[in-house]
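Peer 1: Here you go, one structure.
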Amino acid sequence: MALTQLPPTASPAAAYEGILRRQSSRESAARTYARSLPIVPVRARGLTIEGADGRRYLDCLSGAGSLALGHNHPVVLEAIRSVLDSGAPLHVLDLATPVKDAFTDELFATLPRGLAAAGRIQFCSPAGTDAVEAAFKLVRTATGRDGLMAFTGAYHGMTEGALAASGGAPGDRVTRLPYPQDYRCPFGVGGENGARLAARWTESLLDDPKSGVRRPAGMIVEPVQGEGGVLPAPDGWLRRMRELTAARSIPLIADEVQTGVGRTGAFWAVGHSGIEPDVMVLSKAIGGSLPLAVIVYREALDAWQPGDHAGTFRGNQLAMAAGAATLRYVRENGLAGRAAALGGRMLDRLRRLAEEYDCIGEVRGAGLMIGIEFVEREDGAGSVARAEDAAEAGDEAGSTARPAAGPEGGGGPAPGTRVGPADGAQPGTGRGPGADGPLPASPARAVAVQQECLRRGLIVELGGRHSCVVRLLPPLNITDEQAEAVLDRLADAVAAVCRPGSRIPGIPAPSTPKEAGAASPA
Ligand code: PMP
């Protein structure tokens, strides 16, 4: 029996339910997506996944942002087949191979100029988190310093060092800095002023001899926070981080695990601001749907010794072939530009939706990395404690996002379509924080929208502070029609959750359409 076939039982429905039942009885309590997405994928192509129950889903989770070209793209399958048919070894540790050579050529062709011209690459064990660990080890070795700077709301992975640098976890060796954002700006101002204050705080920690913070080995930043709730860093703020670190010989590490390969509308998200980091951490889409993780860095940092960072599975030939094919296809077909243009149009439509529904606090994004933050409207708003209760409910429902610890940063709008105007007004982005600050997060609404999406055959991700952000990470090559279909289903789901009379567990008062008589998309 082929592994993709259902086991023989009385009916396909019974077989399908059996698989789900066995999963929940045998797999770990730490499983995540499997809880909120109880489906059994058996076939997939592009944006579409087919479940064992025969249902088809539009997949905007895309392997947590790994599938730049969607599922099973022909160029990816062809690349994998050609390695299999060639008789080349599949396991080679870190030995040189023609496949690795071609992958490295293709990757370097896309890098920021300095790294492309004189960068080094370390192939890591295949998860993003291992590449993050490698980056930390690299900068610690090169600088002889120990501490790290990282940002509120960050997510860098699940191994010890990466977790400590993530916003939801304490880390003895990590100094936490504010990441700019408009809607939940901790300085209460948002916009350029919020970003300026966030940068000023970082500068003062670095320069005040009594700040209690020693010069770190490195600073790690996501150019767009993904798990943190889709927060694009303002370009000016990121340039300022580059200036501050360069002037103090602090290596700047850009974590592009999720933002890379065209996702945000530039091939690498650092391209929006034009900065050149000292280290880039790359994974997810670079493997063309198979596991692959690397760091690329300035040659001057290459001070570590043979074996300082090793791992058995650093030579996945199929992933390198699939990754090279993906990088080439994205580059040759201008898919970063396509992501910018289509993402901008999707944001526009979502912002119009946000104007209809009070339950949407903000819509934001960069390229095809889009987030919709759900809130509780004022008359139904609970206390912060209630929002946290609901966040736990969201976590139980399978979100992988971890609530951030500590203060959140203020931010400013980036040029173009990347973020909406700030200053607390934010026309068209939902609604600004207003005089009294942002509305309480509503993870229960976000979970409900995710479930309503699933009922309508649409798979979306959750993330953000309190898990209240519905996230879209569609493949970069989706058509305009597919994007419309995604948004139609999402709008229906929002209407089902937020329209008058709807009931969300734990939320007594439903949101109403903002303007009397506003058409419900349902
Ligand atoms: N960095 C970022 C920015 C990520 O989004 C992720 C995963 N979501 C990681 C690191 C960790 O990657 P992995 O899950 O492959 O370890």
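The values are calculated or read from the model by the stated rules, or taken from the named source; none is laboratory data. All values derive from a computational prediction rather than experimental measurement. With ideal geometry, Cβ positions are generated from the backbone for all residues, glycine too; neighbour counts draw on all protein chains shown.
Peer 1: If we scan segment 69-76, do we find a residue that is surrounded by 13 or more Cβ atoms within 10 Å (Cβ to Cβ), farther than 20 Å from L327 by Cβ, in contact with a helix residue (DSSP H, G or I) (Cβ under 7 Å, 6 or more places away or on another chain) and touching a residue at least 12 places away in the same chain (Cβ under 8 Å)?
Peer 2: No, segment 69-76 has no match at all.
Peer 1: Please count how many residues of segment 283-300 are more than 10 Å from the ligand (Cβ to nearest atom), within 14 Å of the chain's Cα centre (by Cα) and closer than 14 Å to S125 by Cβ.
Peer 2: Count: 0.
Peer 1: Would you check which residues across segment 169-209 are aromatic (F, W, Y) and assigned to a loop (DSSP other than H, G, I, E, B) and list them?
Peer 2: Once the filter is applied, which keeps residues that are aromatic (F, W, Y) and assigned to a loop (DSSP other than H, G, I, E, B), segment 169-209 yields Y179, Y183, F187.
Peer 1: Go over the candidates V279, V270 one by one and state the one that is among the β-branched types (V, I, T) and under 18 Å from the mean Cα position of the chain (by Cα).
Peer 2: From the options V279, V270, the qualifying one is V270.
Peer 1: Out of R81, R120, report the one residue that is in a strand (DSSP E or B) and more than 16 Å from the ligand (Cβ to nearest atom).
Peer 2: R120
Peer 1: So, one more: Of all helices (runs of 4 or more DSSP H) completely enclosed by segment 315-419, which ones contain at least 1 residues that are modelled with pLDDT of 95 or more?
Peer 2: Passing ranges, in order: 317-332, 335-356.
Peer 1: Name the residues in segment 136-164 that are under 16 Å from the mean Cα position of the chain (by Cα), assigned to a loop (DSSP other than H, G, I, E, B) and either within 13 Å of the ligand (Cβ to nearest atom) or of a type in the set (D, E, K, R) (or both), would you?
Peer 2: G153, A154, Y155, H156, G157, M158
Peer 1: Pick out the one residue from A303, A325 that is among the small types (G, A, S), under 15 Å from L138 (Cα atoms) and touching a residue at least 60 places away in the same chain (Cβ under 8 Å).
Peer 2: Result: A303 is the single residue among A303, A325 that is among the small types (G, A, S), under 15 Å from L138 (Cα atoms) and touching a residue at least 60 places away in the same chain (Cβ under 8 Å).
Peer 1: Identify the single condition in (1) part of a helix (DSSP H, G or I); (2) hydrophobic (A, V, I, L, M, F, W, C); (3) within 24 Å of the chain's Cα centre (by Cα); (4) more than 16 Å from the ligand (Cβ to nearest atom) that L111 does not satisfy, given that it satisfies every other one.
Peer 2: Failing condition for L111: (1).
Peer 1: Turning to a different aspect of this structure: Take the residues of segment 217-240 that are within 16 Å of the ligand (Cβ to nearest atom) and among the aliphatic types (A, V, I, L, M): which is farthest from V460 (Cα to Cα)?
Peer 2: My answer is M219.
Peer 1: Output the residues belonging to segment 247-266 that are outside any strand (DSSP E or B) and crowded, with 24+ Cβ neighbours inside 10 Å.
Peer 2: Answer for segment 247-266, where residues must be outside any strand (DSSP E or B) and crowded, with 24+ Cβ neighbours inside 10 Å: P251, E256, V257, Q258, T259, G260, V261, G262, R263, T264, G265.
Peer 1: Of the numbered conditions (1) modelled with pLDDT of 95 or more; (2) touching a strand residue (DSSP E or B) at 6+ places or on another chain (Cβ under 8 Å), A96 satisfies every one except a single condition; which is it?
Peer 2: (2)
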